[in-house]
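Read the structure below first, then the notes.
The values are calculated or read from the model by the stated rules, or taken from the named source; none is laboratory data. All values derive from a computational prediction rather than experimental measurement. Note: ideal-geometry Cβ built from the backbone for every residue, glycine included; neighbour counts use all protein chains shown. When the accessible area is computed, the model is the full protein with side chains, heavy atoms only, and any ligands, DNA or RNA have been set aside. Shrake-Rupley method; radii C 1.70, N 1.55, O 1.52, S 1.80 Å.
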Amino acid sequence: MLAPTYLFDTILLFGNYTFANTMLPVPKDSMDSHESNANFLASKVFVSNNFVVNHVKTSSRSCWAVMGCGMALLGTFQTARADFALKPNDRVVFYGDSITEQRLYTTFAETYVVTRFPKLPVTFVHSGWGGDRVTGGGGGPIDLRLKRDVLAYKPTVMTIMLGMNDAAYRAFDQGIFNTYSTGYNHILDVVKKEDPAVRFTLIQPSPYDDVTRTPTFDGGYNAVLQRYAAFVKDTATAKNATVADLNTPVVTMLQKANGLDAPTAQQIIPDRVHPGPAGHLIMAEALLKAWGAPSLVSSVTIDTTAKKVTRSDNTQVSDLKTGSTITWTQNDQALPFPLDTTDSKMALTLKSSDFVEALNQAPLQVTGLTAPRYTLTIDGDEAGDFTSEELAQGINLAMLPTPMQTQAQNVHRLTLKHNDEHSWRWRNIQVPLEGRSQAAQKASKPLIKALDKEEEETVKQQRAAAQPKPHRFELSVTSPQNEGPNLAQGKPYVSSDPNVYNYGGGGLTDGSWSGESPHTFATGDVDAFPKTVTIDLGAATPVSRVRTGIPAFGSTKTVKVLVSEDGQKFTEVGSYTFPLAAGRRRSFKFAPVSTRYVRLQYPDHYPDNVGYSPLFSFTSEVEVYGPAK
């Protein structure tokens, strides 16, 4: 079995500390401190509940299954945008305990804001500290925490999530609760006294998992947390603050997930306290809903019979050409939310929630198509194959492997990077030097300033990476009548660097694009490039198209396609540099040439570890086509 270079209990797009070759130390300052690491992986296969994506369907749960119904919803999106809670030049400080310190729901929320509103100038500071209560904790007493970790940043918006530790992991105790309520109000009073204009978002604490496991005492600890949550809600009402319920939606999701797949559901909050990324995604959804976040990324409807675009929301569509192939340029004003669904916990969470319907919709509807099936490519990369009926009904671009998805992933990588930079400066330089001599503190100021400057540059890169870009779309007939069958299916192949871990034997030509190991080819991990894999078609035959792709993991970079009649002299017919871990497919078309051997060459690789050593080269599948006989 091919051994990953690192294994985490949660594997999905949003890594907290790990991306590329950077691993930062995980603080272990309290029993309540927990950090979830994750691979940075891209979306490959998912069904947006009612939109058909990559040949798979799920049961209908919303009217997005029918575009006519979906359109009725579109009028609400602009209102949601106008009512979005965050305003230009807001500075948001996230305050809380180790669940906030995980920097998962917070970075998810930040990436959503940056990708959905790329022109909105908002900044974010993440100030969670493991073990914290309303009285403070490992980072110092509450007044110090507020002065140093909140007020110093002059927030216009402050979110507060406390309660998991405050309730003491026991049955409800009135005295403990009184300490919580008094301390909670003290936090609000101190911040408001410093700046009366601060807008609070009070977060009802996330759940203790009494769903997938038996409660430890009668009634369970989450019932205690819900009493604390009721206080938070009442306080928000009294203080005219926004309230976000991060308990009920997660519990509801867990209940459904537990009924579908109990063992996997138990892993969503593995220690019952600290959710993994899948659980944090639903927490982020609840926070964003409380802020009035819109579901729409973009919406396009094309009528090929009338040869015109009949609807375009939050996007610009130009240069439409119709015929046997339909092409257009599309410049969306927002990016999809980057998700990975190859992780079982994330896939189950999405299936058990309304996240996609609520926050990640980019419908594309194309009517009047005449062929049975079409392939959608964007900037030359294949996004999926769909029937004309599916396209007429509508597909959700937000859940497809697209250049927009890759762009959003890069934004999130920069979200994580700037938060890692801030956390390192804060926890390793600023706080440890407190109480040292005046000379030491004076000497540290230029260093802290330089580190803050580094983070500012990363934030600038993040915002630049989120800006809209035009993309060229093409819908072409999937299996044109002038093209024969797949000549490579089931054919043998040989690699210049054989895999010695028994990974993906036969997976290169088995007809499956699955990312699972039996269906995905991998070379060995010898540090010698270029590497090759050569398919023997059995006999020379005219070939005019080679289709291949990479999975949503690994460090495969450039893939060259070469063909040969005799196995000695090879001619290059195509080359492409795939984005890192983005689950992409690409077709290389050329004039028919007599071919018996088809070779893929891997001349290089990304340096990043994405699930496996970068010395492995991965390929999802190879298909070879020639003119119909």
Considering residues of segment 346-357 that are in a helix (DSSP H, G or I) and open to solvent by 10 Å² or more (accessible area, probe 1.4 Å) only, the residue farthest from Val477 (Cα to Cα): Leu348
Set Thr322, Thr304: member being touching a Gly at 6+ places or on another chain (Cβ under 6 Å) and within 30 Å of Gln481 (Cα to Cα): Thr304
Single match in Ala488, Ala450, Ala466 (criterion: open to solvent by less than 30 Å² (accessible area, probe 1.4 Å) and within 30 Å of Lys119 (Cβ to Cβ)): Ala466
Test set (1) surrounded by fewer than 16 Cβ atoms within 10 Å (Cβ to Cβ); (2) at pLDDT 95 or above; (3) within 30 Å of Phe337 (Cα to Cα) - Arg373 fails condition number: (2)
Subset tally (residues that are buried (at least 16 other Cβ atoms within 10 Å of the Cβ) and among the small types (Gly, Ala, Ser)) for segment 409-441: 1
Qualifying positions in segment 607-624 - aromatic (Phe, Trp, Tyr) and modelled with pLDDT of 95 or more: Phe616, Phe618
Candidates Tyr184, Tyr228, Tyr221 - the one that is closer than 26 Å to Pro270 by Cα, free of Cβ contacts under 8 Å to residues at least 60 places away in the same chain and open to solvent by less than 10 Å² (accessible area, probe 1.4 Å): Tyr221
Any chance Val190 is in contact with a helix residue (DSSP H, G or I) (Cβ under 8 Å, 6 or more places away or on another chain), closer than 14 Å to Val251 by Cβ, open to solvent by 20 Å² or more (accessible area, probe 1.4 Å) and without any contact (Cβ under 8 Å) to a residue 60 or more places away in the chain: no
Leading residue by the ranking (farthest from Leu364 (Cα to Cα)) among those in segment 288-315 that are open to solvent by 40 Å² or more (accessible area, probe 1.4 Å) and without any contact (Cβ under 8 Å) to a residue 60 or more places away in the chain: Lys307
Residue satisfying all of: in segment 321-345; over 21 Å from Thr478 (Cα atoms) and surrounded by fewer than 19 Cβ atoms within 10 Å (Cβ to Cβ); modelled with the lowest pLDDT among these: Ser344
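Conditions (1) of a type in the set (Val, Ile, Thr); (2) at pLDDT 95 or above; (3) closer than 23 Å to Ser312 by Cβ, marked per residue:
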| position | (1), (2), (3) |
| --- | --- |
| Leu369 | no, yes, yes |
| Ala392 | no, yes, yes |
| Leu400 | no, no, yes |
| Ala408 | no, yes, yes |
| Thr415 | yes, yes, no |
| Ala443 | no, no, no |
Total residues in segment 475-501, condition within 30 Å of the chain's Cα centre (by Cα) and more than 20 Å from Gly549 (Cβ to Cβ): 1
Every pair of residues 6+ apart whose Cβ atoms lie under 7 Å, when the first sits in segment 149-162 and is free of Cβ contacts under 8 Å to residues at least 60 places away in the same chain while the second is part of a helix (DSSP H, G or I): Val150/Val191; Leu151/Val191; Leu151/Glu194
Test: residue in segment 201-215 that is in a helix (DSSP H, G or I) and either at pLDDT 95 or above or open to solvent by 70 Å² or more (accessible area, probe 1.4 Å) (or both): no
Test: residue in segment 258-269 that is among the β-branched types (Val, Ile, Thr), open to solvent by 10 Å² or more (accessible area, probe 1.4 Å) and not in a loop (DSSP other than H, G, I, E, B): yes
Test: residue in segment 76-86 that is part of a loop (DSSP other than H, G, I, E, B), at pLDDT below 95 and closer than 18 Å to Ala241 by Cβ: yes
Hits in segment 507-543 - residues which are aromatic (Phe, Trp, Tyr) and either surrounded by fewer than 21 Cβ atoms within 10 Å (Cβ to Cβ) or touching a helix residue (DSSP H, G or I) at 6+ places or on another chain (Cβ under 9 Å) (or both): Trp513, Phe529
Filter result for Gly511 (assigned to a loop (DSSP other than H, G, I, E, B), in contact (Cβ under 8 Å) with a residue 12 or more places away in the chain and either closer than 24 Å to Thr595 by Cβ or within 24 Å of the chain's Cα centre (by Cα) (or both)): yes
